[in-house]
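The values are calculated or read from the model by the stated rules, or taken from the named source; none is laboratory data. Everything quoted here is computed from the prediction, not taken from an experiment. Every residue, glycine among them, receives a Cβ derived from its backbone with ideal geometry; neighbour counts consider all protein chains shown.
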Amino acid sequence: MRWYELLIEASEKELESLLAEHPGDAEGPGGAIYRGSELRLAESSIADRILEFLHAKTHHLVFASEPVARELVRAIREKPDIKLEGVREVLSGRVGIKAEAYNREIGEKIHRALTVELPPGTACLDLERVEQDPEAEGVERFSPVHEYVYKAQGRIVGIPPGILELDRRLVRLDFVHEEPLELETREASEEEVG
């Protein structure tokens with residue numbers, strides 16, 4: 001299923017109203033809606049012109065599956081106060097990650113999130129993992145080494161919606177530091193979507 005990035009000119013209130021009328025369905029075939037403000041997007045993924053608009057709080061990025069994007073485009077056409085400024089198809093994305101935790105339970109939670117619990121359509125590549133220093137004993141307040149250390153780094157690649165969902169999840173994981181999400185997109189037209 002195709003996913004689109006929509007650049008919408010609207011006030012916060014108008015955007016909220018539009019998205020409340022067309023919320024998408026994360027569990028259904030239509031998919032979810034992701035707001036650009038929920039994601040850590042790389043500047044290279046956003047055109048300079050869009051960055052200028054985004055700082056004005058009148059332009060918003062919304063990511064939606066094709067059926068939901070079609071609904072949004074149709075609804076925008078009917079609303080004189082809202083304008084569709086641009087459309088791009090999202091082809092794939094990638095994000096670099098680093099993690100470091102000194103608690104076994106947290107380390108295992110992070111490792112599961114990066115390997116077993118990845119959303120469909122995503123993969124963790126080049127995952128380098130280091131666990132526990134057998135030479136260290138105990139956890140002392142000013143000790144340079146800890147009894148348990150989980151360190152990991154790699155990059156996650158994937159297609160929407162998985163890569164968008166994963167970016168949103170990573171923000172909520174303690175001790176995981178992600179680089180901004182880089183999206184590969186192609187220009188699309190309003191007519192193509194709706």
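Couple of notes before you dig in:
- A Cβ distance below 7 Å, combined with a sequence gap of six or more or placement on separate chains, defines the contacts here; from the range 24-46, residues that are modelled with pLDDT of 85 or more reach residues that are surrounded by 19 or more Cβ atoms within 10 Å (Cβ to Cβ) and acidic (Asp, Glu) in the pairs Leu39/Asp167; Arg40/Asp167; Arg40/Glu178.
- A search for C-beta distances below 8 Å between a residue of the range 179-192 that is part of a strand (DSSP E or B) and any residue that is hydroxyl-bearing (Ser, Thr, Tyr) and loosely packed, with under 14 Cβ neighbours inside 10 Å, counting only pairs 6+ apart in sequence or on different chains, returns Glu182/Ser44.
- Count - residues of the range 69-106 that are within 16 Å of Val171 (Cα to Cα) and part of a helix (DSSP H, G or I): 1
- Looking only at residues in the range 84-114 that are among the charged types (D, E, K, R) and within 14 Å of Glu5 (Cα to Cα), the one that is surrounded by the fewest Cβ atoms within 10 Å (Cβ to Cβ) is Glu85.
- Candidate set from the range 148-173 (those that are at pLDDT below 90 and charged (D, E, K, R)); member that is surrounded by the most Cβ atoms within 10 Å (Cβ to Cβ): Arg168
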